[in-house]
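Okay, so here's the structure we're looking at.
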Amino acid sequence: MAKRAEFRDNLELLQGTLDLMILETLRAWGHQHGYGLSQLIRTNSGDRLTVDAGSIYPALHRLERRKFVAGEWQISEKKQRTKVYRLTPAGVRHLASERSRWDELVRAMAGVLSPRAVEG
């Protein structure tokens, strides 16, 4: 039973991290479609993080249900219908809260991984 809880916690951490990256990317770069978001995350991570369609779209739908992003159908330059997402005011507030929690986690991890660096 403990392994299931551990897996669930890890899954929530991964979802939360992806959500944070999506919200921050929308804040920094403005309205984007799912593919654009995945490309910006890849590029801004120095090609270290790859988010495929099987992860980005469920995350966008989850964020949309929670009212952190809003999607709007538009016609692309190639005359294709595409859904473009934007950060909502609720998303801005959630992002600020999650950034604060993330910063705390980074400081805590730094304390564990490099205790002397944190002391000085």
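Values as computed for the structure displayed
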{"quantity": "Residues of region 1-35 classified as modelled with pLDDT under 50 and not in a helix (DSSP H, G or I), total", "calculated": "1"}
{"quantity": "Selected residue (criterion: farthest from residue 27 (Cα to Cα)) from residues of region 75-120 that are in a helix (DSSP H, G or I) and touching a residue at least 12 places away in the same chain (Cβ under 8 Å)", "calculated": "102"}
{"quantity": "So residue 52, is it at pLDDT below 95 and either within 15 Å of the chain's Cα centre (by Cα) or at positive phi (or both)", "calculated": "yes"}
{"quantity": "Residue check, residue 62 assigned to a helix (DSSP H, G or I) and either of a type in the set (Lys, Arg) or within 13 Å of residue 20 (Cβ to Cβ) (or both)", "calculated": "yes"}
{"quantity": "Pairs, first loosely packed, with under 15 Cβ neighbours inside 10 Å in region 58-71, second among the hydrophobic types (A, V, I, L, M, F, W, C), C-beta under 8 Å, six or more apart", "calculated": "66/90; 67/90"}
{"quantity": "Lone qualifier among 77, 119, 98, 104 - being more than 18 Å from residue 38 (Cα to Cα), within 16 Å of the chain's Cα centre (by Cα), of a type in the set (D, E, K, R) and at pLDDT below 95", "calculated": "98"}
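The values are calculated or read from the model by the stated rules, or taken from the named source; none is laboratory data. Computed from a predicted structure; not experimentally measured. In this analysis, Cβ positions are derived from the backbone assuming ideal geometry, glycine residues included, and neighbour counts consider all displayed protein chains.
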